[in-house]
Amino acid sequence: MHRQRVIGGLILLAAIAIAALLIFVRSGPEEKPPEENIPLVQAEPLEIRSGNLMVQGAGTVRAREELTLAAEVAGKLVYVNPRLREGQRVARGATLFRIDTSDYRNAVQTAQADVASQNVAVLEAREEVALAKAEIARFQKRGASSSAYASVDSSDYAARILPPDELTGSQGTNGQTAAPAPTNGLATREPQLQSARAALRRAQAQLADAQTALRRTTVRAPFSGVVRSEEIALGSYVAPGQALGSMVGTADFEAVIPLSESEAALIPALWRPGSGRIEASVYSDYGGTRYRWQAYVDRASNVLNPQTRTIDVFLRIPNPLRGGAPAVTQKQGQKSEGASGAPPLFVGSFVDAEITGRALDRYAVLPLAALRPGNQIWLVRDGKLRIVKVNIFQRTDTQALISTAGLGAKPVVILGALKTATDGQKIRIAEDRQDAAKPKPAAEKPKGSKKTQGKTKGTQSGAKKSGADGAK
């Protein structure tokens, strides 16, 4: 028992000694400087441009000319143009529909007869006026003569049988001739002539009304357009003012583009009429392809939109049905394909617009993801973050056009977000994913490698055969 205790004590002392020796001869940990935690960011260089700013906006296309088709006179429809159907094109001057003209032709003939009758009445009244004036002139001449029968006409038998005292009664007591009495207006029959002329003018006006009503039985297209709607049938009875459909003019369309006050201020000649045409472009998508139509600024509204508090700019689009040009960038040397299969511009479609703004020497195109609150951006300069406040000319859903003041020669902007960003902190730019995803070019194989492989295979096969023969 005592022996076991001694052995156990020796083992414990040996273990302690070994542990002390290991602690004594152990080496200290290798000291390393603390690693600096530099954030990794995504960044890309800014695109610097020069020239005119393109003010971008979006709006709706509407017809510049639109009218409601209606009849001006009542009657039965005896003809309807086959192209007077919704969506069909109608040429200018084409007959749209025609109303039965029987009653209106009769009215014209009646009015013509009244005019002819009144012409005869005017001639009669004119002759009666001439006769009345001649009679009055003879009586006045007879009264002015000193002899009772001096001025008596040979055909005036009534004057010949009058007594001399009555013929000479007009002379004064002193032997002088009295002044002629004033002529009565009715005696000359001038009012009757005026009445006949008034009746003639009334008959002529009635004839003009009848002829106008007859012309209105045929309704023609005032301009080339597209039928938007129609509610008309052959044989139906129409009343004056009844709406029978509508059509829109196709010579010009217009797009209403709402702009903010800051965007409208980028168009220098917007409020100066006659200063020159402001060019613009309208874009619309059809079948996965983007098409472009040439346009120009027609006018701008002087009243703010009460809902959006924006300024409505109206773009005029000539020949909208001819088809737009594909809005694609053509490579150098590649021929541009024609737009024969391009669609027309549709009324009511939602379009994007670009309006030529003022010219600048330099401006930058900033991705919208790089814009920070307070119109600030983060730039990379010499491996450090710099916070710069910029002036924004225009802002869209994907990018912003900013001034180049304070950006430097070749600005590089940070796209991603940081937990904390301080001016002057060190940063690292991550490698572009697209560049990293590109496969590296494989090393070129030396010539004759296939032959060498063939020789190697032959040697291996020969070794196998020799080994097999030896085994046998």
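The values are calculated or read from the model by the stated rules, or taken from the named source; none is laboratory data. Values in this document were obtained by computation on a predicted structure and should not be read as measured data. Cβ coordinates were reconstructed from backbone atoms using ideal geometry, including for glycine residues, and neighbour counts include every protein chain displayed. With ligands, DNA and RNA removed, areas are computed over all heavy atoms of the protein, side chains included. Shrake-Rupley method; radii C 1.70, N 1.55, O 1.52, S 1.80 Å.
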Q | Sole residue being over 13 Å from the mean Cα position of the chain (by Cα), touching a residue at least 12 places away in the same chain (Cβ under 8 Å) and open to solvent by less than 60 Å² (accessible area, probe 1.4 Å), chosen from V248, V282 | A | V248
Q) Given the structure, is V297 closer than 25 Å to V90 by Cβ and assigned to a strand (DSSP E or B)? A) no
Q: Determine if the stretch 30-37 includes at least one residue that is open to solvent by less than 80 Å² (accessible area, probe 1.4 Å) and over 30 Å from Q194 (Cβ atoms).
A: no
Q | Total residues in the stretch 224-238, condition more than 19 Å from the chain's Cα centre (by Cα) and farther than 14 Å from F97 by Cβ | A | 1
Q: Look at P439 and say whether it is open to solvent by 60 Å² or more (accessible area, probe 1.4 Å), modelled with pLDDT of 50 or more and farther than 30 Å from A364 by Cβ.
A: yes
Q) Any idea how many residues of the stretch 379-406 are open to solvent by less than 30 Å² (accessible area, probe 1.4 Å) and closer than 24 Å to I38 by Cα? A) 4
**Q.** Selected residue [in contact with an Asp or Glu (Cβ under 7 Å, 6 or more places away or on another chain), open to solvent by 40 Å² or more (accessible area, probe 1.4 Å), assigned to a helix (DSSP H, G or I) and not hydroxyl-bearing (S, T, Y)] from R138, R126
**A.** R138
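Yes/no matrix, rows are residues, columns are (1) modelled with pLDDT of 90 or more; (2) in contact with a helix residue (DSSP H, G or I) (Cβ under 8 Å, 6 or more places away or on another chain):
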{"site": "G51", "(1), (2)": "no, no"}
{"site": "M54", "(1), (2)": "no, no"}
{"site": "T68", "(1), (2)": "yes, no"}
{"site": "P82", "(1), (2)": "yes, no"}
{"site": "G93", "(1), (2)": "yes, no"}
{"site": "Y104", "(1), (2)": "yes, yes"}
{"site": "A107", "(1), (2)": "yes, yes"}
Q: Quickly run through the stretch 27-42 and pick out the residues that are at pLDDT 75 or above and part of a loop (DSSP other than H, G, I, E, B).
A: N37, I38, P39, Q42
Q: Would you confirm whether any residue within the stretch 256-276 is surrounded by fewer than 17 Cβ atoms within 10 Å (Cβ to Cβ), touching a residue at least 40 places away in the same chain (Cβ under 8 Å), under 18 Å from the mean Cα position of the chain (by Cα) and assigned to a loop (DSSP other than H, G, I, E, B)?
A: yes
Q: Working only within the stretch 341-363, note down all residues that are among the hydrophobic types (A, V, I, L, M, F, W, C) and either assigned to a strand (DSSP E or B) or more than 19 Å from E65 (Cα to Cα) (or both).
A: A342, F350, V351, A353, I355, A359, L360
Q. Is there a residue in the stretch 295-303 that is open to solvent by 40 Å² or more (accessible area, probe 1.4 Å), among the polar types (S, T, N, Q) and without any contact (Cβ under 8 Å) to a residue 24 or more places away in the chain?
A. yes
Q: Among the residues of the stretch 58-114, write down those that are in contact with an Asp or Glu (Cβ under 8 Å, 6 or more places away or on another chain), open to solvent by 20 Å² or more (accessible area, probe 1.4 Å) and assigned to a strand (DSSP E or B).
A: A58, R62, K76, V78
